[in-house]
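J.: Below is a structure I'd like to ask you about.
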Amino acid sequence: MAGEARYLAAGEAALVVEFGDAIDPAINRRVRELCLAVDRDTPEGVRDLVPTYRSLLVAYDPRVTTFDALRARLAGLEAGLAHTPAPPPRVVEIPTAYGGEFGPDLAFVAEHNGLTPDDVVAIHAGTDYLVYMMGFSPGFTYLGGMSERIAAPRLKTPRTACPAGSVGIAQQQTGIYPVESPGGWQLIGRTPVSLFDPSRRPPVVVEAGDSIRFAPVSLDEYARIQDAIRRGAWTLRVREKTA
């Protein structure tokens, strides 16, 4: 669980604020709240913020500020987090076509866990997944909350190219490939939604602190959504997370 924050030097131009040593929603919430607080009231000299599962890296210009001065400023912002909580997180619905050419590894994931493909889909699409952090590639979401019942090993030989929108499973994690890239995750489906588009403002459709809910769709529905997206006639379904 979240405890007292630790302020650590990361070289001569960065500081790390650690809130714990586990992947935990409460710890991650404090990371996000401090990140928002710093973004709203940026201390002099701060160059960049990099939130992770359990810490916030703050890059700064050592010609403008010092580790001690920045630590004191951040500690003050941290002390005020109880009075300036993060806004209510969103749940973003991601339509996903499972199996077939879009999910070539769905049968393996099912067999590996003694389930049917329909069981895997129902379990995978049956929960909200917290976006702990963004990274690896633009728009890639590190999600938490997947059931161990559908966990599966990575591929022994990674694919040279996983299509953009591919939904995969690796060990006890699930995620979406936002752009075409090599990868070793078990692919169980695909979404027509582009999680990253540099021409869009903002370029990503979800942020750390949001949740993703996968919504199974048929191939026909997938094609209709894909066409509507191309025509600019489709809108993501987003709701406020209530619990």
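J.: Go through (1) over 24 Å from the mean Cα position of the chain (by Cα); (2) aliphatic (A, V, I, L, M); (3) crowded, with 16+ Cβ neighbours inside 10 Å and name the single condition A69 misses.
T.: (3)
J.: Tell me the residue from R159, R190, R154 that is at pLDDT 95 or above, assigned by TED's automatic domain parsing to the domain that holds R231 and within 18 Å of the chain's Cα centre (by Cα), please. Walk me through how you get there before you give the answer.
T.: On the way: R159 fails: within 18 Å of the chain's Cα centre (by Cα); R154 fails: within 18 Å of the chain's Cα centre (by Cα).
Going through R159, R190, R154 in turn, the sole match is R190.
J.: Moving on to the next point. With the condition kept exactly as written, say whether any residue in region 86-98 is among the acidic types (D, E) and over 16 Å from the mean Cα position of the chain (by Cα). Break it down stepwise before answering.
T.: The first filter runs over region 86-98 and keeps only residues among the acidic types (D, E), leaving 93.
Add one more test, that the residue is over 16 Å from the mean Cα position of the chain (by Cα), and what stays is none.
No, region 86-98 contains no residue that is among the acidic types (D, E) and over 16 Å from the mean Cα position of the chain (by Cα).
J.: Tell me the helices (runs of 4 or more DSSP H) entirely within region 1-114 that contain at least 3 residues that are assigned by TED's automatic domain parsing to the domain that holds V204 and among the hydrophobic types (A, V, I, L, M, F, W, C). Walk me through how you get there before you give the answer.
T.: Details: elements: 25-40, 67-79, 106-112.
Qualifying helices (runs of 4 or more DSSP H): 106-112.
J.: Another question about this same structure. Residues to consider are P198, P192; find the one that is assigned to a loop (DSSP other than H, G, I, E, B), buried (at least 20 other Cβ atoms within 10 Å of the Cβ) and either among the polar types (S, T, N, Q) or in contact (Cβ under 8 Å) with a residue 60 or more places away in the chain (or both).
T.: Values: P198 fails: buried (at least 20 other Cβ atoms within 10 Å of the Cβ).
Going through P198, P192 in turn, just one is assigned to a loop (DSSP other than H, G, I, E, B), buried (at least 20 other Cβ atoms within 10 Å of the Cβ) and either among the polar types (S, T, N, Q) or in contact (Cβ under 8 Å) with a residue 60 or more places away in the chain (or both): P192.
J.: If you don't mind, there's one more thing I want to ask. Looking only at residues that are among the charged types (D, E, K, R) and out of contact with any Lys or Arg (no Cβ under 6 Å at 6 or more places or on another chain) in region 96-131, which one is nearest to R154 (Cα to Cα)? Break it down into steps so the answer makes sense when it comes.
T.: Residues of region 96-131 that are among the charged types (D, E, K, R), as a first pass: 101, 105, 111, 118-119, 128.
Add one more test, that the residue is out of contact with any Lys or Arg (no Cβ under 6 Å at 6 or more places or on another chain), and what stays is 101, 105, 111, 118-119.
On the way: E101: 19, D105: 11, E111: 15, D118: 21, D119: 20 Å.
Restricting to residues being among the charged types (D, E, K, R) and out of contact with any Lys or Arg (no Cβ under 6 Å at 6 or more places or on another chain), the top hit is D105.
J.: I need a count of the residues in region 208-240 that are in contact with a helix residue (DSSP H, G or I) (Cβ under 9 Å, 6 or more places away or on another chain), in contact (Cβ under 8 Å) with a residue 40 or more places away in the chain and assigned to a loop (DSSP other than H, G, I, E, B).
T.: 3
J.: Based on this model, can you work out whether D118 counts as more than 24 Å from A22 (Cβ to Cβ) and surrounded by fewer than 15 Cβ atoms within 10 Å (Cβ to Cβ)? Write out each step before concluding.
T.: On the way: more than 24 Å from A22 (Cβ to Cβ): yes; surrounded by fewer than 15 Cβ atoms within 10 Å (Cβ to Cβ): yes.
Yes, satisfied.
J.: Here is a further query. Could you check, for region 45-63, whether at least one of its residues is crowded, with 18+ Cβ neighbours inside 10 Å and basic (K, R)?
T.: yes
J.: Right, another one. Determine which single condition D48 fails, assuming it passes every other condition in (1) in contact (Cβ under 8 Å) with a residue 12 or more places away in the chain; (2) charged (D, E, K, R); (3) over 15 Å from E207 (Cα atoms).
T.: It fails just one condition, (1).
The values are calculated or read from the model by the stated rules, or taken from the named source; none is laboratory data. Everything numeric here is computed off the predicted structure, so don't read it as measured data. With ideal geometry, Cβ positions are generated from the backbone for all residues, glycine too; neighbour counts draw on all protein chains shown.
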